[in-house]
Amino acid sequence: MKPRPFRLLDAIRWGVYGGIAVTLIALIGMVHAFSKKGIVADRIMMSHVLVFGLIVAVAYLTSTRALATKRRLAVPAGIVAGSIVALFPALLGLLITQINLRAVFLNASPELADLLLPGEENNILSALQLVLLGSAFGLAVGLLALVPARLRRSLVSAGVGVILLGLLQAVFVVIIPDSWRQFLYKANGLSPNGAIALFIALSILDYGWLRGRPLTQQRIAQLPARQRRALRMVVTLVMLGLLAILPQLLGPFLSEVADTIGIYIIMGMGLNIVVGFAGLLDLGYVAFFAIGAYTMAVLTTPELPVVRNVIPQLNFWEALPFALLISFISGVLLGIPVLKTRGDYLAIITLGFGEIIRLLVLSDALKPILGGAQGITGVARPRIGEITAVNPQQFFYPILVGILIAWFITARLKISRLGRSWMAIREDEDVAAAMGINLVGYKLMAFATGATLAGLGGALFGSKLGSMVPASFNVLVSINVLALLIVGGMGSLPGVIVGAIALIGLPELLREFSEFRWWVYGIVLVAMMIFKPEGLWPEATRLRELHEAEAFAPVETAEETETAAVPA
Amino acid sequence: MTQNHNHILVAHKVSKRFGGLQALTDLDIAVAFHAIHSVIGPNGAGKTTFFNCITGFYKPEEGEILFRGQPIQGMPPDRVAGLGIARTYQNIRLFANVTVLENVLVGMHRRLHTGWFGAVLRTPAARREERNAVKEAMELLRFVELADKADYIAKNLPYGEQRRLEIARALAGKPDLLLLDEPTAGMNPKETEDTMALIQRLREDMGITILLIEHDMRVVMNISDIITVLDFGKKIAEGDPLAIRTNPQVIEAYLGRGAAAGRDYGAKTTAAVEG
């Protein structure tokens with residue numbers, strides 16, 4: 001079917017959508033909240049990025065749509081869309097200066113008008129200025145859409161990169177050397193020169209990467225197997241070396257964030273087997289996380305006299321195997337009755353199971369054993385030789401080892417007979433059974449492996465905090481882990497890491513906007529599902545499922561897919 | 001039963017109901033070793049239901065199905081497959097999003113043994129098994145002339161090749177009995193010709209017994225040793241192609257009562273079903 005040719009009316013429609021979005025984020029106070037955070041010091045604030053980012057995004061979407069069916073409309077479409085999006089905040093600004101809307105919209109303050117409208121005074125002229133600015137951005141974007149795709153991608157990536165570098169100033173000032181910091185950053189945001197230099201550097205780097213990558217890959221592929229293996233070994237060692245010094249680079253606060261990300265990566269690896277490989281939707285994954293954490297806590301705490309009378313107090317290493325074993329057993333026990341059900345039923349049952357576990361640890365009846373609502377304190381920490389991991393920087397290492405083990409196991413399982421059987425179950429249960437695959441048995445293996453990894457994550461989590469309360473084990477944890485898989489890319493191992501950094505790390509780093517955390521979270525998920533359903537770092541199979549038309553003929557063999565770098 | 005010595009599969013008085021619908025009634029079919037045995041009948045006659053009863057997807061209410069003398073009715077599908085019964089589907093059901101090779105490797109499942117620890121530790125035994133499996137899968141793909149497309153995504157293959165891949169996947173389990181559900185449906189005459197040759201080679205070269213559902217009478221009459229005709233879930237006739245071709249009951253089932261009175265039955269049956 002041939003798509004309907006693009007009309008300017010479409011640009012107007014998209015402009016209106018964008019305009020409504022801008023109005024909405026202004027009225028809920030996001031623009032105001034973000035106006036304090038500088039991206040480029042004193043010139044471009046986060047609020048600018050938000051408003052103009054939306055203008056640019058809408059204009060870009062419209063231009064590329066026009067480009068697909070009616071090339072000559074690409075630039076006009078950008079201009080129209082850009083100015084219409086800008087028209088909305090302009091009108092809103094004017095409206096606020098004339099009428100007091102605060103009875104209904106708390107955030108529609110005079111300051112908001114100041115923020116929205118450029119110039120000193122808030123009048124028709126400044127509103128016009130804003131619309132013109134919008135159309136100028138639209139023009140720029142329309143022209144950008146005409147630029148060859150590769151260069152365009154590099155420019156867009158560089159722009160996004162600069163914004164991220166400004167936004168995550170707190171992270172980067174800690175990591176980079178002092179001399180760089182003085183050049184790149186000011187008190188609130190990047191320095192103007194730094195921003196320009198970064199933009200140019202990032203564009204060149206990205207462009208070079210895009211051009212050079214296929215060639216390098218080709219060259220690597222031509223190397224004899226032995227050299228290729230050696231190269232892979234060197235790369236792995238360098239990465240491990242970098243990871244080993246990471247806590248020192250990051251400092252205490254960022255190490256704390258890294259630890260949290262790491263625990264979610266371990267859980268993500270586990271759930272990836274269940275949902276990504278075998279296609280079993282488990283919404284109660286937090287249960288196994290809680291079981292791992294509580295096993296660790298109950299076995300190692302000096303409190304809980306009832307338990308201590310029966311079981312001696314263990315240290316971290318003695319308790320860890322039990323934590324894993326009990327998570328594994330509970331995975332099997334839950335799995336046996338549940339895994340005969342399909343799809344939706346499985347999701348509901350696991351959801352219920354997650355709640356049951358939370359309510360059990362919260363209950364007064366089990367308080368002598370599980371600590372009740374007050375939780376348990378004095379959980380043991382891992383100790384090697386003379387060193388006990390107490391602070392987040394030290395705790396990074398046990399978590400890192402956990403991630404490496406989880407990665408190793410999942411990567412090996414994925415390309416084995418088990419991985420293939422899970423794939424078959426995910427694709428077509430009936431046919432999988434007709435191939436002789438014991439559905440319950442293989443689902444159980446996926447479920448139990450996932451549960452054990454969640455238990456590992458839980459044990460590390462409990463030990464890292466040193467204490468735990470039932471509130472840490474609510475359904476949001478399950479949702480978070482599932483969402484990070486979706487954002488990273490179902491079934492993809494690097495995707496788990498990317499997803500965890502994006503969904504767990506970023507909100508931790510951007511605490512100042514925590515008010516809007518869940519709102520943005522929802523928007524990101526919806527946007528991902530519409531524009532990039534395969535995730536940020538997709539798995540090859542999933543990519544093909546979702547983009548049938550582009551999926552074309554030969555792909556690399558399983559071995560190569562395993563180690564291949566990011567698809568463009 | 002006495003037939004067991006000559007027959008790989010025996011269905012005895014098999015009945016299957018869906019609510020009020022009687023899909024199969026007291027069906028008796030005996031499939032001889034190394035036979036190409038066809039099951040034909042008008043739409044809704046219960047042919048695919050019979051396949052599903054054999055492979056364990058349906059549990060017949062009455063009767064028994066013996067595979068090499070062992071009762072298999074009501075056995076779960078994976079165990080039936082494990083005994084050496086493989087099948088293909090009327091509407092092709094490949095693992096569409098993975099490679100051709102991976103499809104065949106999944107088909108090999110029942111003959112491989114690597115478990116959780118073998119896979120994670122990649123023991124020498126697991127590695128050897130995997131290497132051999134790939135080698136064998138490639139041989140199978142050569143057999144169905146798909147070796148050069150091993151790395152293609154299954155859903156990108158043309159229709160005829162998807163059918164062949166489905167057969168290769170079924171063969172990968174080294175079955176003794178292969179159930180083919182309309183293997184030539186939707187094929188052009190050339191592809192049909194090739195598929196017929198392939199089916200005959202399965203019997204001659206690999207010694208596999210074939211149970212076949214087919215609508216194309218040219219195929220059925222050409223390659224079958226014996227044909228069973230179903231109508232409304234009952235067996236109405238059985239015999240070699242010549243006997244079936246001239247059986248008045250068969251012609252009636254296909255053409256209605258009036259036609260049975262006419263002459264030259266064979267030609268009419270063929271024409272009616274092909275058209």
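The values are calculated or read from the model by the stated rules, or taken from the named source; none is laboratory data. Computed from a predicted structure; not experimentally measured. Every residue, glycine among them, receives a Cβ derived from its backbone with ideal geometry; neighbour counts consider all protein chains shown. Note: areas computed on protein heavy atoms with side chains; ligands, DNA, RNA excluded. Shrake-Rupley method; radii C 1.70, N 1.55, O 1.52, S 1.80 Å.
Among (1) free of Cβ contacts under 8 Å to residues at least 24 places away in the same chain; (2) at the interface with chain A (Cβ under 8 Å from one of its Cβ atoms); (3) part of a loop (DSSP other than H, G, I, E, B), where does residue B:75 come up short?
Among (1) free of Cβ contacts under 8 Å to residues at least 24 places away in the same chain; (2) at the interface with chain A (Cβ under 8 Å from one of its Cβ atoms); (3) part of a loop (DSSP other than H, G, I, E, B), residue B:75 violates only (2).
Which count do you get for residues in region B:34-51 that are within 14 Å of chain A (Cβ to nearest Cβ), over 20 Å from residue B:7 (Cβ atoms) and crowded, with 21+ Cβ neighbours inside 10 Å?
The total comes to 0.
Residues to consider are B:82, B:44; find the one that is under 28 Å from residue B:243 (Cβ atoms) and of a type outside the set (A, V, I, L, M).
Details: B:82 fails: under 28 Å from residue B:243 (Cβ atoms).
It is B:44.
In the same structural domain as residue A:40 (by TED's automatic domain parsing), at pLDDT 85 or above, outside any helix (DSSP H, G or I) and in contact with a helix residue (DSSP H, G or I) (Cβ under 8 Å, 6 or more places away or on another chain): which single residue out of A:105, A:52 fits that description?
Every option except A:105 fails the conditions.
Return yes or no: is residue B:122 among the charged types (D, E, K, R), more than 9 Å from every other protein chain (Cβ to nearest Cβ), out of contact with any strand residue (DSSP E or B) (no Cβ under 6 Å at 6 or more places or on another chain) and without any contact (Cβ under 8 Å) to a residue 12 or more places away in the chain?
No.
Is region B:13-26 home to any residue that is among the hydroxyl-bearing types (Ser, Thr, Tyr), within 14 Å of chain A (Cβ to nearest Cβ) and open to solvent by less than 70 Å² (accessible area, probe 1.4 Å)?
Looking through region B:13-26, none of the residues is among the hydroxyl-bearing types (Ser, Thr, Tyr), within 14 Å of chain A (Cβ to nearest Cβ) and open to solvent by less than 70 Å² (accessible area, probe 1.4 Å).
On the given criteria, is residue A:44 modelled with pLDDT of 85 or more and surrounded by fewer than 20 Cβ atoms within 10 Å (Cβ to Cβ)? Break it down stepwise before answering.
Working: modelled with pLDDT of 85 or more: yes; surrounded by fewer than 20 Cβ atoms within 10 Å (Cβ to Cβ): yes.
Against the criterion (modelled with pLDDT of 85 or more and surrounded by fewer than 20 Cβ atoms within 10 Å (Cβ to Cβ)), residue A:44 qualifies.
Can you name every residue in region B:99-109 that is within 12 Å of residue A:424 (Cβ to Cβ) and facing another protein chain (nearest Cβ under 8 Å)?
Residues satisfying the conditions are B:102, B:105, B:106, B:107, B:109.
Does region B:61-72 hold any residues that are on the phi < 0 side of the Ramachandran plot and either open to solvent by less than 10 Å² (accessible area, probe 1.4 Å) or not in a loop (DSSP other than H, G, I, E, B) (or both), and which are they?
B:62, B:64, B:65, B:66, B:67, B:70, B:71, B:72
What's the number of the only condition in (1) farther than 13 Å from residue B:40 by Cα; (2) free of Cβ contacts under 8 Å to residues at least 60 places away in the same chain that residue B:170 fails to meet?
(2)
State all residues of region A:253-276 that are buried (at least 24 other Cβ atoms within 10 Å of the Cβ) and aromatic (Phe, Trp, Tyr); if no residue qualifies, say none.
A:264
With the condition kept exactly as written, say whether any residue in region A:351-372 is in contact (Cβ under 8 Å) with a residue 24 or more places away in the chain and among the polar types (S, T, N, Q).
no
Across region A:418-438, what is the total count of residues that are open to solvent by less than 30 Å² (accessible area, probe 1.4 Å), at the interface with chain B (Cβ under 7 Å from one of its Cβ atoms) and assigned to a helix (DSSP H, G or I)?
Final tally of qualifying residues: 8.
Given the conditions (1) open to solvent by less than 10 Å² (accessible area, probe 1.4 Å); (2) without any contact (Cβ under 8 Å) to a residue 60 or more places away in the chain, which single one is not true for residue A:134?
(2)
Evaluate the following for residue B:163: is it part of a helix (DSSP H, G or I), within 14 Å of another protein chain (Cβ to nearest Cβ) and open to solvent by less than 40 Å² (accessible area, probe 1.4 Å)?
No.
Looking at the structure I just gave you, is residue A:281 outside the structural domain of residue A:360 (by TED's automatic domain parsing) and either more than 21 Å from residue A:175 (Cα to Cα) or touching a residue at least 24 places away in the same chain (Cβ under 8 Å) (or both)? Lay out the reasoning, then the answer.
Numbers: outside the structural domain of residue A:360 (by TED's automatic domain parsing): no; either more than 21 Å from residue A:175 (Cα to Cα) or touching a residue at least 24 places away in the same chain (Cβ under 8 Å) (or both): yes.
Criteria not met by residue A:281.
Determine which member of the set B:27, B:9 is at negative phi and within 17 Å of the chain's Cα centre (by Cα).
B:9
Is it the case, given these coordinates, that residue B:81 is of a type outside the set (Lys, Arg), closer than 22 Å to residue A:440 by Cβ and touching a residue at least 60 places away in the same chain (Cβ under 8 Å)?
Working: of a type outside the set (Lys, Arg): yes; closer than 22 Å to residue A:440 by Cβ: yes; touching a residue at least 60 places away in the same chain (Cβ under 8 Å): yes.
Against the criterion (of a type outside the set (Lys, Arg), closer than 22 Å to residue A:440 by Cβ and touching a residue at least 60 places away in the same chain (Cβ under 8 Å)), residue B:81 qualifies.
Sort out which residues of region B:78-98 are farther than 17 Å from residue A:422 by Cβ, at the interface with chain A (Cβ under 7 Å from one of its Cβ atoms) and either open to solvent by 20 Å² or more (accessible area, probe 1.4 Å) or acidic (Asp, Glu) (or both), and write them in order of number.
Residues satisfying the conditions are B:82, B:93.
How many residues does region B:177-186 contain that are crowded, with 19+ Cβ neighbours inside 10 Å and either out of contact with any strand residue (DSSP E or B) (no Cβ under 9 Å at 6 or more places or on another chain) or in a loop (DSSP other than H, G, I, E, B) (or both)? It would help to see each step written out before you state the result.
Taking region B:177-186 first, the residues crowded, with 19+ Cβ neighbours inside 10 Å are B:177-184.
If we keep only those that are either out of contact with any strand residue (DSSP E or B) (no Cβ under 9 Å at 6 or more places or on another chain) or in a loop (DSSP other than H, G, I, E, B) (or both) as well, we get B:182-184.
Here the count works out to 3.
Under the condition of being in a helix (DSSP H, G or I) and more than 7 Å from chain A (Cβ to nearest Cβ), which residue from region B:110-119 is least open to solvent (accessible area, probe 1.4 Å)? Steps first, please.
Taking region B:110-119 as the starting set, the residues that turn out to be in a helix (DSSP H, G or I) are B:110-111, B:116-119.
Cutting the leftovers down to more than 7 Å from chain A (Cβ to nearest Cβ) gives us B:111, B:117-118.
On the way: B:111: 68, B:117: 144, B:118: 16 Å².
It comes out as B:118.
With the requirement that a residue be surrounded by 12 or more Cβ atoms within 10 Å (Cβ to Cβ) and of a type outside the set (A, V, I, L, M, F, W, C), what does region A:516-530 give you?
A:517, A:521
Out of region B:125-149, which residues are closer than 14 Å to residue B:166 by Cα, touching a residue at least 24 places away in the same chain (Cβ under 8 Å) and either open to solvent by 70 Å² or more (accessible area, probe 1.4 Å) or of a type in the set (Val, Ile, Thr) (or both)?
Residue satisfying the conditions is B:144 alone.
Restricting to region A:333-350, name every residue that is under 18 Å from residue A:292 (Cα atoms) and either among the acidic types (Asp, Glu) or surrounded by 15 or more Cβ atoms within 10 Å (Cβ to Cβ) (or both). Break it down stepwise before answering.
First, pick out the residues of region A:333-350 that are under 18 Å from residue A:292 (Cα atoms): A:333-335, A:350.
Those that are under 18 Å from residue A:292 (Cα atoms) and either among the acidic types (Asp, Glu) or surrounded by 15 or more Cβ atoms within 10 Å (Cβ to Cβ) (or both): A:334, A:335, A:350.
Residue check: is residue A:415 at the interface with chain B (Cβ under 9 Å from one of its Cβ atoms), under 20 Å from residue A:327 (Cα atoms) and open to solvent by 10 Å² or more (accessible area, probe 1.4 Å)? Give the derivation first.
Values: at the interface with chain B (Cβ under 9 Å from one of its Cβ atoms): yes; under 20 Å from residue A:327 (Cα atoms): no; open to solvent by 10 Å² or more (accessible area, probe 1.4 Å): yes.
Taking the combined requirement at face value, the residue does not satisfy it.
Any idea which of (1) at pLDDT 90 or above; (2) more than 28 Å from residue A:512 (Cα to Cα); (3) open to solvent by 10 Å² or more (accessible area, probe 1.4 Å) is the one residue A:21 doesn't satisfy?
Among (1) at pLDDT 90 or above; (2) more than 28 Å from residue A:512 (Cα to Cα); (3) open to solvent by 10 Å² or more (accessible area, probe 1.4 Å), residue A:21 violates only (2).
A quick yes/no check of all residues on (1) surrounded by fewer than 24 Cβ atoms within 10 Å (Cβ to Cβ); (2) modelled with pLDDT under 95:
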{"position": "A:440", "(1), (2)": "yes, yes"}
{"position": "A:460", "(1), (2)": "no, no"}
{"position": "A:467", "(1), (2)": "yes, yes"}
{"position": "A:476", "(1), (2)": "yes, yes"}
{"position": "A:480", "(1), (2)": "yes, yes"}
{"position": "A:491", "(1), (2)": "no, yes"}
